[in-house]
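Readers should treat all values here as calculations from the given coordinates under stated rules, not as data from a laboratory. Keep in mind that this is a model prediction, so the values were computed, not measured. Glycine gets a Cβ as well: all are built from the backbone with ideal geometry, and neighbour counts include every protein chain shown.
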């Protein structure tokens, strides 16, 4: 993937890349003050096997609570996902739950299915009542606009945006003797992004990650859940824009089975290569979407990959990565292309991970800036600054203690982020 690919809208989705068995539509319900499309849905022609990961935030929005119940009642057999942007329907009490349920019920009536076969999602302002009557009035337009082309897919991806500046989609395919399996996804999110997604059966600022992955492979709901968790663990759960976990974060995988090719989550020796190929395609789509989200972070100029290695174990490597990604001092240094390695070392030191400062080395791109816990004798500040002027670069930190390693993708913190968030609700 080229650097610039992540800093512009994804290429238009081709008709051939759209998974079989689904249709998509977007409409204007009048929730966004801009008047832009703000209501969308994805419809499975026949019940699709669905898996979902939801926010771990204990302040969970109404659509999260309703979605969990619907997935349980339907046993993962889902006909539609309905998404509104401009209002999070969070911290809205019983009226919020009623609003989410009413939208699902009306969508189900149009589709001729049970209400629990519809999953709601919302994103936008927290604490404002959801004007669900506007959504009900717009549902016939969604029904009339349904289509299975790449254009329909892209229009849904655009309608779910809030502070995003560009559409985020990705696709991959797996060739099999019985034909191709398609995987395609869309995601929105530019602020309040530090997803900590957990299974549906597990466990107040303003923005949200919403992600929807579609495939025409045949997978049972339990298998889809295992495969989604596996893909999410090293992609969406390894990004951070600002360290804030949203109340509405949602990631779904829907499998229509329309390709006729079955994927087993726990395959035997003969089926293992196909499952591995599918998992690779699923992770490719998830990682592309996750990195696109970080690159479009509110006010972001740089996408920074943190490569933490040499930790006592993987969990401690992740602690270091998160401490660095959430440090305003580090992120503002990145905004100014300042190779201030002392801030990186300090963040690693307070992360809670085991650390011997005398063993730590740090590189920015190919430039070594810290060696054995001190300034590197090979430090070239101007060369390091040139690396940091790139849109995308790697910060590698070797703790020198063990085999633990992780990657996490994050971004810089600029004045524009402050401007956007200082007056978001007004």
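Return a whole-number percent for the relative contact order of the stretch 1-92, with Cα pairs under 8 Å and 6 or more residues apart as the contact set.
Values: 100 pairs, mean separation 26.4, N = 92.
Here the relative contact order equals 29 percent.
So what is the 222 nm mean residue ellipticity for the chain from helices alone, if each DSSP H run of at least 4 adds -39500 (n - 2.57) and you divide by all residues, rounding to the nearest 500 deg cm²/dmol?
Values: 11 runs with 138 residues, N = 426.
Dividing the helical sum by the residues of the chain leaves -10000 deg cm²/dmol.
Pairs of alpha-carbon atoms within less than 8 angstrom and 6+ residues apart define the contacts here; what relative contact order does the stretch 303-422 have, in percent? Before the final figure, lay out each step's value.
Details: 252 pairs, mean separation 53.6, N = 120.
It rounds to 45 percent for the stretch 303-422.
What number results when the radius of gyration of the stretch 253-348, computed over Cα atoms, is divided by 2.2 N^0.38 Å? Could the numbers behind the result be given before it?
Working: Rg = 19.2 Å, N = 96, 2.2 N^0.38 = 12.5 Å.
Dividing the Cα radius of gyration by 2.2 N^0.38 Å gives 1.54.
Go from 0 up to the bin containing the longest alpha carbon distance in the stretch 64-181, width 10 Å each, and give me the % of pairs per bin.
12, 38, 36, 11, 3, 0
Taking every Cα atom in the stretch 223-270, find the radius of gyration and the maximum pairwise distance Dmax, and write them in Å.
Spelled out, the Cα radius of gyration and Dmax of the stretch 223-270 are 14.6, 44 Å.
Which order do 70, 116, 326 fall in if you start with the one that has the fewest other Cβ atoms within 10 Å? Provide the component values of the computation, followed by the final result.
Values: 70 26, 116 22, 326 17.
In order of increasing Cβ crowding within 10 Å: 326, 116, 70.
For the stretch 1-66 and the stretch 97-163, compute the distance between their C-alpha centroids and round to whole Å.
What the calculation gives is 10 Å, centre to centre.
What shape does the stretch 3-295 take by its C-alpha gyration tensor, where a ≥ b ≥ c are the square roots of the eigenvalues and a/c under 1.5 counts as rounded, a/b above b/c as prolate, and the rest as oblate? Walk me through the intermediate numbers first.
Numbers: a/c = 1.43, a/b = 1.32, b/c = 1.08.
It comes out rounded by the Cα gyration axes.
Output the antiparallel fraction of DSSP beta bridges having both residues in the stretch 3-295, as a percent to the nearest 5. Don't jump to the answer; show the numbers that get you there.
Numbers: 38 of 53 bridges.
Counting DSSP beta bridges with both partners in the stretch 3-295, the antiparallel share is about 70 percent.
Mind checking the alpha-carbon convex hull of the stretch 292-371 and giving the volume per residue in Å³? Show your work: numbers first, answer last.
Values: hull volume 8.0 nm³, N = 80.
Per-residue hull volume (Cα only) is 100 Å³.
Just rank 316, 270, 276, fewest to most, by other beta-carbon atoms within 10 angstrom.
Numbers: 316 21, 270 8, 276 12.
Final ranking by Cβ density, sparse to dense: 270, 276, 316.
Just to compare against my own numbers: the Cα pair-distance distribution for the stretch 357-426, 10 Å bins, whole % per bin, please.
17, 36, 28, 14, 5, 0
Give the separation of the Cα centroids, the stretch 203-255 to the stretch 377-402, in Å.
Here the two parts' Cα centres lie 31 Å apart.
For residue 391 and residue 312, FRET efficiency with R0 = 30 Å and r from the beta-carbon atoms, rounded to 0.05?
Working: r = 33 Å, r/R0 = 1.10.
Computed FRET efficiency for residue 312 and residue 391 comes out at 0.35.
For the peptides 86-97, 368-379, what is the packing order when you average, over each peptide's residues, the other Cβ atoms within 10 Å and list the highest mean first? List each step's numbers first, then the result.
Values: 86-97: 20.7, 368-379: 15.6.
Most protected by this proxy first, the peptides run 86-97, 368-379.
Mean 1/r over all different Cα pairs, inverted: what Kirkwood radius does the stretch 303-422 give, in Å? Numbers along the way, then the final one.
Working: mean 1/r = 0.0707 Å⁻¹.
Computed over Cα pairs of the stretch 303-422, the Kirkwood hydrodynamic radius comes out at 14.1 Å.
At a 10 angstrom cut-off on C-beta neighbours, averaged per residue, how do the peptides 414-421, 149-156 rank from highest to lowest?
My ranking of the peptides, most packed first, is 149-156, 414-421.
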